[in-house]
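The values are calculated or read from the model by the stated rules, or taken from the named source; none is laboratory data. As the structure is a computational prediction, the values presented were derived from the model and not from experiment. Here Cβ is always computed from backbone atoms with ideal geometry, including for glycine, and neighbour counts include all displayed protein chains. Ligands, DNA and RNA are stripped out before the accessible areas are found, and what is left, the full protein with its side chains, is counted by its heavy atoms. Shrake-Rupley method; radii C 1.70, N 1.55, O 1.52, S 1.80 Å.
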Amino acid sequence: MGASGRKVKSSKAKNLGPVHDVAVTSIEVAKQAGVSQSTVARVFARPELVSAATRQEVVRVAESLGYLPSAIAAGMRNQRSGLIGVVVPSYGEYWQGVISEFSRQINNGSRQLLLTTFRDAQGVEGAIQSISRYRLDGLVLASSTIGVGQISRLINSSMPVVAFNQPDAA
């Protein structure tokens, strides 16, 4: 049984800690640690505002329950999603290398790539529309197939946009 009284199945995933069928909430961590939910939130968002002893207890309980703070909730709080959108062709080893290196450069735990691919010029607009549905912190457009008009439309939005491999940009 979990802290909420719900049955929780768990298993150990290699080097990832417990994996639960039912997500553990900060409310459950708070109850188990004997603190308020806002204290749990502060421990993960602004730990310097919480005493060392309380912080250690909350972290201990969170780890024992398999709690992970929600990136979505954090994004709602600070108005940043931590998502960098990438639109690339679905073909070619070159793009695999570009994506791998780009991911390695930005993935510091606070940002993640959201990848969308397309097969041909007709699929570009659908890929851009699909990825634009997310509240992105930035967008990378990486293909000569992406038209200047599509890039211009996105640059006029409030989102930072980087376009490369563009023959018309020279």
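From the list Ser110, Ser152, Ser144, the lone residue that is polar (S, T, N, Q), more than 23 Å from the chain's Cα centre (by Cα) and not in a helix (DSSP H, G or I) is Ser144. Picking from residues in segment 115-150 that are out of contact with any Ser or Thr (no Cβ under 9 Å at 6 or more places or on another chain) and within 15 Å of Arg80 (Cα to Cα), the one that is surrounded by the fewest Cβ atoms within 10 Å (Cβ to Cβ) is Arg133. Within this structure, Tyr134 passes the test of being part of a loop (DSSP other than H, G, I, E, B) and touching a residue at least 40 places away in the same chain (Cβ under 8 Å). Per the conditions (1) open to solvent by less than 50 Å² (accessible area, probe 1.4 Å); (2) out of contact with any strand residue (DSSP E or B) (no Cβ under 9 Å at 6 or more places or on another chain), the sole criterion not satisfied by Arg80 is (1).
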